[in-house]
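Here the structure is laid out as C-alpha cells; the discussion comes afterwards.
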Amino acid sequence: MNESKDGELSGRGSGSLETRPPSLPLGGCDAVAPQIDLNVYWSSTEAKKLFRALDYEIDALQAINNQMELLQSVLNDSKGYWNVITGLEADDDLTTYQKWSIRMKSQYLYCALQYAKLNMPLCQNWDECCKRAHEHLLMCGITEAGRSRCIRNWYSGFVTNNRRFSVQLPTKHKLPMFLDLNPDAKEGIQLYCREHLQELSV
C-alpha cells in the first residue's frame, strides 16, 4: 500500500483516477480529499445544466472554458464589451457607466468560473465559488458586487441570455448638454410645463 507521511494515499497505480487539483480551500472541502475521476462530474447532467453547456460542447468543463474565453475577450480589449451584448448599433448607445459595468461583471464571472474549474468536482457548491470570487476581488479593491449573490444572479442572466449581458437602453432621447450640466434648470423647466400644461397644449 502506497501511503504518504501524512497518512493519505499517494495515488500511485490509480489508473484513470486523478488527484485533487490545486485550489484554494472552499468551506469543508479540505476535511476529506478523496481521489476521484474529475470527468464524472463534468459529464454529469447536473453540471451541464448548471453551466449551460451548449449542444456542441462535450461537457460542462468545455462550457466553462468557452465562457471564460469569451469573458476574457471583454477584459483584453477596450471594445471587447461588444462580444457580450446584442441589439446595439453604435458605440454611443452605451453609457460610460454601462461599459464599465459590463467589464466589472465579466471580471467577477471569470473569477467565479476559475474557482469552479478547481473546486466544483469536489465541493459541487457554485454559491461557494461565487463567494470566493467576491472575496478575492474585494481584496483587490473591486466592490461592484455588494455580495456574492449578485455574481450568481449575473451568471444566471448571462448564460440564460445566450452568454450575453442584458443592457437597458434609455427610452427617451438624450437631453441637450446644457440640461445635463444644469439639472436645476431642467427641473425648473419641467415644473413650469406641468403648471402651465393647458397653456402649452396645442
Suppose we filter the stretch 124-149 for residues that are open to solvent by 30 Å² or more (accessible area, probe 1.4 Å) and in contact (Cβ under 8 Å) with a residue 40 or more places away in the chain; how many remain? 5
Only one residue in Cys130, Cys193 is touching a helix residue (DSSP H, G or I) at 6+ places or on another chain (Cβ under 9 Å), farther than 23 Å from Ser78 by Cα, at pLDDT 90 or above and hydrophobic (A, V, I, L, M, F, W, C), so which one is that? Cys130
Quick one: in the stretch 50-83, of everything that is among the small types (Gly, Ala, Ser) and within 14 Å of the chain's Cα centre (by Cα), which residue is least open to solvent (accessible area, probe 1.4 Å)? Ala63
Would you check if there is a residue in the stretch 93-102 being at pLDDT below 90, in contact with a helix residue (DSSP H, G or I) (Cβ under 8 Å, 6 or more places away or on another chain) and either of a type outside the set (Ser, Thr, Tyr) or surrounded by 10 or more Cβ atoms within 10 Å (Cβ to Cβ) (or both)? yes
Could you go through the stretch 111-133 and let me know if any residue there is in a loop (DSSP other than H, G, I, E, B) and not polar (S, T, N, Q). no
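Residues are listed down the side, and each one gets a yes or a no for (1) touching a Cys at 6+ places or on another chain (Cβ under 8 Å); (2) at pLDDT 50 or above; (3) assigned to a loop (DSSP other than H, G, I, E, B); (4) among the hydroxyl-bearing types (Ser, Thr, Tyr):
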position	(1), (2), (3), (4)
Glu46	no, yes, no, no
Lys49	no, yes, no, no
Ala53	no, yes, yes, no
Ser78	no, yes, yes, yes
Leu88	no, yes, yes, no
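The values are calculated or read from the model by the stated rules, or taken from the named source; none is laboratory data. What you see is a predicted model, and the numbers here were worked out from it, not measured in a lab. Cβ atoms come from the backbone with ideal geometry, glycine included; neighbour counts cover every protein chain shown. Only protein heavy atoms, including side chains, enter the accessible area calculation; ligands, DNA and RNA are left aside. Shrake-Rupley method; radii C 1.70, N 1.55, O 1.52, S 1.80 Å.
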